[in-house]
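Note sheet for the following structure.
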Amino acid sequence: MKESVGDTINVGGQSHITEDFLLPYIFRPMLGLVFGFLQYVLLRRHLPRMGWWIIGTTLSWSLGLIGSRVLYSTVDVTLDQSVIWIEVLLTALIGGSMGLAQWLVLRQRVPRSAWWIIANLIGWGVVGWGAATVTTRMVILAVSIILVPGIVTGVTLWWLLDRLPQYQDSGMNPPPSNTLEVTT
């Protein structure tokens with residue numbers, strides 16, 4: 001993936017690290033932490049004890065970024081058209097690794113949770129396509145990174161959680177009763 005920040009610059013024949021060199025190595029893992037935490041906040045209402053969700057999301061996001069960066073550096077890209085597909089595949093790899101780690105948390109508690117991996121692959125693959133085609137429009141890229149995976153995975157998660165029983169012996173609170181109890 002092309003870097004928008006964090007690189008080296010050649011000045012007078014010498015390579016110097018730019019002041020934002022470490023930004024991708026700090027900012028991008030923090031994005032995984034933020035994604036995991038925000039999803040955890042939404043999930044904990046339906047599924048208690050989901051703390052591993054945050055850890056799994058952060059680690060898998062970081063490993064997916066590292067893996068995609070290593071793969072991208074080994075690929076010889078000479079055609080502009082092939083860059084788009086490589087970006088899509090590598091971004092889908094990041095989403096797929098995150099979806100796989102999150103599925104490990106979901107699989108014991110949510111039926112058909114394997115759909116979660118597919119939703120992440122699709123959502124993040126679309127982001128990869130957007131990143132490869134509109135990289136000059138950073139606002140569109142930022143919005144697509146936030147919205148597209150969120151919409152795809154949000155709809156999938158709603159569909160999965162909608163099929164859960166209202167009350168499980170897993171520690172969830174029973175649903176509120178519709179009758180008013182009067183005690184004297």
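The values are calculated or read from the model by the stated rules, or taken from the named source; none is laboratory data. Please read these numbers as outputs of a predicted model, since none were measured by experiment. Don't worry about glycine lacking a Cβ; one is built from the backbone with ideal geometry, like all the others, and counts go over all protein chains shown.
Are any of the residues in the stretch 66-82 surrounded by 21 or more Cβ atoms within 10 Å (Cβ to Cβ) and of a type outside the set (Lys, Arg)?
For the stretch 66-82, residues surrounded by 21 or more Cβ atoms within 10 Å (Cβ to Cβ) and of a type outside the set (Lys, Arg): present.
Looking only at the stretch 43-64, which residues are in contact (Cβ under 8 Å) with a residue 40 or more places away in the chain and surrounded by 13 or more Cβ atoms within 10 Å (Cβ to Cβ)?
Within the stretch 43-64, Leu43, His46, Leu47, Pro48, Met50, Trp52, Trp53, Gly56, Thr57, Leu59, Ser60 qualify.
Quick one: count up the residues across the stretch 95-115 that are modelled with pLDDT under 90, in a helix (DSSP H, G or I) and surrounded by fewer than 23 Cβ atoms within 10 Å (Cβ to Cβ).
Qualifying residue count for the region: 1.
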